[in-house]
Amino acid sequence: MTLRSHVRIVDSADVSPDAVIGDGSSIWHLAQVREDAQLGENCIVGRGAYIGTGVVMGDNCKVQNYALVYEPAKLGDGVFIGPAVVLTNDTYPRAINADGTIKSAHDWEPVGVTIERGAAIGARATCVAPVTIGAWATVAAGAVVVKDVPAYALVAGVPARRIGWVGESGVPLVAGEDTNIWVCPTTGDRFFETDGKLTKETV
């Protein structure tokens, strides 16, 4: 196991010796971090959470209790994974092959969920791979994501659909003076909507 300084791993956690854990990170009770997983600095893996083989997490990520992050998921910096979230990795899941034999690791190819910087996945949401959750997007609790989510989108439901936009503070944006302008009520940041995508105004 490659550990940076100031890493906290409680005795009941199961962390592979082949995992890389960044400085300032914490792995809590009954969590499992598999082989070749890479966690950045200041990450938190909550009680009973699972981080699959080769999963890559950026800095300052938070994976809450009993979330399941299956390989080959990739999480950008500052990603929030709520309690009991599931990131899947099998497009056509089966326990057995068509001939009745038990499926092995060689009988399927894992596909991953990609979550970009600052995005948040609410409690008990499921992201069905392969999908990409854009930067600073928010997936509401209990949603089932089956297609890509654009940056800054707020999605909810089964299947998840966009119901609004959110800023980097996580607060829903409000309409501006024009139909294609959105404003963050917390920070004052302004965004422009074009063809179903949001772009932050640069100063």
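All of VAL85, VAL63, VAL55, VAL15 fail the test of being at negative phi and in contact with a Pro (Cβ under 8 Å, 6 or more places away or on another chain), apart from VAL55. GLY167 meets each of the listed conditions (1) farther than 30 Å from ASP90 by Cβ; (2) surrounded by fewer than 21 Cβ atoms within 10 Å (Cβ to Cβ) apart from (2).
Tallying residues that are crowded, with 19+ Cβ neighbours inside 10 Å and closer than 14 Å to ARG8 by Cβ within the stretch 34-43 yields 2. Residue count for the stretch 15-39 under the criterion of being more than 20 Å from ASN65 (Cβ to Cβ) and under 16 Å from the mean Cα position of the chain (by Cα): the result is 1. The residue that is farthest from TRP165 (Cα to Cα), counting only those in the stretch 101-120 that are surrounded by 19 or more Cβ atoms within 10 Å (Cβ to Cβ) and in contact with a Ser or Thr (Cβ under 8 Å, 6 or more places away or on another chain), is VAL113.
If only residues of the stretch 22-44 that are touching a Ser or Thr at 6+ places or on another chain (Cβ under 7 Å) and assigned to a strand (DSSP E or B) are counted, the one that is farthest from GLY112 (Cα to Cα) is ILE44. Annotation: of all residues in the stretch 59-100 being of a type in the set (Ser, Thr, Tyr) and in contact with a Gly (Cβ under 6 Å, 6 or more places away or on another chain), the one that is surrounded by the most Cβ atoms within 10 Å (Cβ to Cβ) is TYR70. Scanning the stretch 50-69 for residues that are closer than 19 Å to ALA141 by Cα and part of a loop (DSSP other than H, G, I, E, B) turns up CYS61, GLN64, ASN65, TYR66, ALA67.
Given TYR70, TYR92, which one is aromatic (Phe, Trp, Tyr), in contact (Cβ under 8 Å) with a residue 12 or more places away in the chain and under 17 Å from ARG124 (Cα atoms)? Give the derivation first.
Values: TYR92 fails: under 17 Å from ARG124 (Cα atoms).
On inspection, the qualifying residue turns out to be TYR70.
Taken over the stretch 123-133, the criterion of being buried (at least 20 other Cβ atoms within 10 Å of the Cβ) and more than 18 Å from VAL55 (Cα to Cα) is satisfied by ALA125 alone. Only one entry in GLY196, GLY157 is at positive phi and without any contact (Cβ under 8 Å) to a residue 24 or more places away in the chain, namely GLY157.
FYI, it's all coordinate maths here, none of it is from the lab. Model, not experiment: these values are computed from the prediction. With ideal geometry, Cβ positions are generated from the backbone for all residues, glycine too; neighbour counts draw on all protein chains shown.
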